[in-house]
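Before any comments, here is the structure.
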Amino acid sequence: MGGKQDTFYAKLVAFSALAYLIYPIDLIPDFIPVAGYLNDLIIAPLLIHVGFTFLPFEVLESGRAQAKKSVVKLYIVFFIVLALLLIIMVLIFFLIRSLLHL
């Protein structure tokens, strides 16, 4: 297979995984306990893994090199978002608590 054709297939599989997650009809409906969400946790990552197998080695190495440069920034953003979510959850907790104790 050629390089451009490989990246086309990788993109096709990645978009298929995204479409599967967004599409409202699942193979196993989400209202079925455990299995409903478990299929989303298995099928989408499996499709993404298959998409990575189509990528040329040069593209993978380029992506890994760029990711290594951004690791510190990603950790900082992760902890900021985590802190904001925690603050929002605490504020919602106190709001609900104050409303229930009128």
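Remarks
- Lone unmet requirement of (1) farther than 20 Å from residue 11 by Cβ; (2) modelled with pLDDT of 90 or more for residue 41: (2)
- Sub-6 Å Cβ pairs linking a first residue in segment 48-60 that is assigned by TED's automatic domain parsing to the domain that holds residue 17 to a second residue that is exposed (fewer than 15 other Cβ atoms within 10 Å of the Cβ) and small (Gly, Ala, Ser), at least 6 apart or interchain, are 56/3, ordered by first then second residue.
- Counted residues, segment 10-24 - those being over 11 Å from the mean Cα position of the chain (by Cα) and either within 8 Å of residue 51 (Cβ to Cβ) or in a helix (DSSP H, G or I) (or both): 10
- Any chance residue 52 is loosely packed, with under 12 Cβ neighbours inside 10 Å, more than 14 Å from the chain's Cα centre (by Cα), at pLDDT 80 or above and of a type in the set (A, V, I, L, M, F, W, C): no
- Boolean, residue 44 is touching a residue at least 24 places away in the same chain (Cβ under 8 Å) and within 17 Å of the chain's Cα centre (by Cα): yes
- Hey, residue 85 of a type in the set (A, V, I, L, M) and assigned to a helix (DSSP H, G or I) or not: yes
The values are calculated or read from the model by the stated rules, or taken from the named source; none is laboratory data. Because the structure is predicted, anything quoted here is derived from the model rather than measured. All Cβ positions, even for glycine, are placed from backbone atoms using ideal geometry, and neighbour counts span all protein chains on display.
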